[in-house]
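Novice: Take this structure, written in structure tokens, and hold onto it; I'll ask about it next.
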Amino acid sequence: MDTADLLQRCLDGDPTAIEALILKLQGRVYNLAVRFLWDPLDAEDATQEILLRVVQQLGTFRGDSALETWVHRIAVNHLLNLKRRTVESLTYEEGSEHLARASQYPEYDGLDRNLLAEEVKISCTTSMLICLSRHLRIAYILGVIFELDSQEAAYILGISPVTFRKRLSLARTQLRAFMETHCGLYNPENPCRCTKKIGYDVEIGRMTPGQLRFADRGQASTLLDQVERLRDDITLMRSHPDYHAPERLLQAIKRLIDQRGIDQP
């Protein structure tokens with residue numbers, strides 16, 4: 001089924017087509033939301049609202065861009081206008097204090113060492129994104145993690161390609177400056193290690209073994225072994241899993257569609 005046929009069937013109220021559209025889009029939207037908001041539960045709520053808006057506004061889609069680009073624009077607008085989360089108050093100065101304290105902890109050597117170290121890596125590096133301003137953060141996610149070119153990313157954000165490139169460059173500069181002086185993955189000369197931070201994160205309540213936020217929620221990447229060799233923020237950030245949207249998300253969106261309906265063109 002091509003995109004035009006799928007969209008028309010959705011507008012006609014075909015529940016099978018609506019489900020197919022949601023399944024087509026939900027993974028991308030959820031991955032965007034997790035990286036922007038840090039907390040997968042917050043990302044799930046945001047994804048639900050974004051996809052509901054997408055389905056309800058299908059009648060306004062005119063094909064001036066690819067469907068995915070149009071969806072990204074709706075998603076980004078929604079995320080940028082959300083009420084700020086408590087986690088977004090984190091600064092690089094506070095982050096450096098956390099890593100300094102964590103580096104004093106002994107190496108964790110439990111049987112679940114690798115899994116918990118992966119959890120720490122994802123949680124910590126996503127927190128580094130959270131330290132960026134919202135506009136720099138979304139530019140980094142679109143340009144580096146989603147690998148969109150400046151024309152498409154600028155269209156999504158409603159800015160010029162020049163402005164987008166400036167934001168992306170500034171985001172990378174700030175992120176790399178922090179990694180260079182604090183992150184042991186990015187620069188092995190730094191004392192911080194994910195296996196040391198396990199104990200610290202458990203002690204301060206940031207992580208609970210058996211109730212992980214990140215490490216067991218998607219398809220693992222094989223890029224991490226390249227990070228130290230490349231000393232590269234891009235490789236480190238792309239080493240995050242490709243998160244699977246929770247199965248309950250589809251049913252929740254379908255219930256909301258049943259309640260609110262779909263706007264007609």
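Taken together, the values in this text are just the output of simple stated rules run on the coordinates, not laboratory data. Fair warning: this is a prediction, and the values are worked out from it, not measured in the lab. Quick reminder, even Gly has a Cβ in these numbers, built from the backbone with ideal geometry, and neighbours come from all protein chains shown.
Novice: Excluding ARG84 itself, calculate the net charge of residues whose Cβ lies under 14 Å from the Cβ of ARG84, where each Lys or Arg counts +1 and each Asp or Glu counts -1.
Specialist: Working: positive: LYS83, ARG85, ARG134, ARG137; negative: ASP39, ASP42, GLU88.
Counting the neighbours of ARG84, the net charge comes to +1.
Novice: Let me ask another. Calculate the length of the line joining the C-alpha centroid of the range 129-176 to that of the range 21-80, in whole Å.
Specialist: 18
Novice: As a check on your grasp of the helix formula, calculate [θ] at 222 nm for the chain: sum -39500 (n - 2.57) over DSSP H runs of n ≥ 4, divide by the residue count, round to the nearest 500. Before the final figure, lay out each step's value.
Specialist: On the way: 13 runs with 163 residues, N = 265.
Helices in the chain give a 222 nm mean residue ellipticity of -19500 deg cm²/dmol.
Novice: Could you size up the charge dipole of the chain around its Cα centre, putting +1 on the beta carbon of Lys and Arg and -1 on that of Asp and Glu, and report it in debye to the nearest 20?
Specialist: Values: 33 positive and 37 negative charges, 129 e Å.
I would put it at about 620 debye.
Novice: Let's see if you can work this out: charge +1 on each Lys and Arg Cβ, -1 on each Asp and Glu Cβ, no other charges. What is the dipole magnitude of the range 34-177 about its Cα centre, in debye to the nearest 20? Don't skip to the end; give the middle numbers.
Specialist: Details: 17 positive and 19 negative charges, 148 e Å.
My answer is approximately 720 debye.
Novice: In the range 3-260, if the dipole is taken from +1 on Lys/Arg beta carbons and -1 on Asp/Glu beta carbons about the Cα centre, which of LEU32, THR16, MET237 is farthest to the positive end?
Specialist: So the residue we want is LEU32.
Novice: Of (1) 50, 41, 40; (2) 61, 43, 32; (3) 54, 45, 38, which one was derived for Cα extents along the principal axes in Å from the structure shown?
Specialist: Entry (2).
Novice: List the relative contact order of the range 3-260 as a percent without decimals, with contacts defined as Cα pairs under 8 Å and 6+ residues apart.
Specialist: Numbers: 291 pairs, mean separation 62.5, N = 258.
Result for the range 3-260 is 24 percent.
Novice: Compute the Cα gyration tensor for the range 66-128, then decide on rounded, prolate or oblate, letting a ≥ b ≥ c be the square roots of its eigenvalues: rounded whenever a/c is under 1.5, prolate when a/b is larger than b/c in the other cases, and oblate in all that remain. Don't jump to the answer; show the numbers that get you there.
Specialist: Working: a/c = 4.07, a/b = 1.85, b/c = 2.20.
The shape class here is oblate.
Novice: If you don't mind, there's one more thing I want to ask. Counting Lys and Arg as +1 and Asp and Glu as -1, what is the net charge of the other residues whose Cβ lies under 12 Å from the Cβ of SER150? Mind showing how you got there, number by number?
Specialist: Numbers: positive: ARG165, LYS166, ARG167; negative: GLU147, ASP149, GLU152.
That works out to 0.
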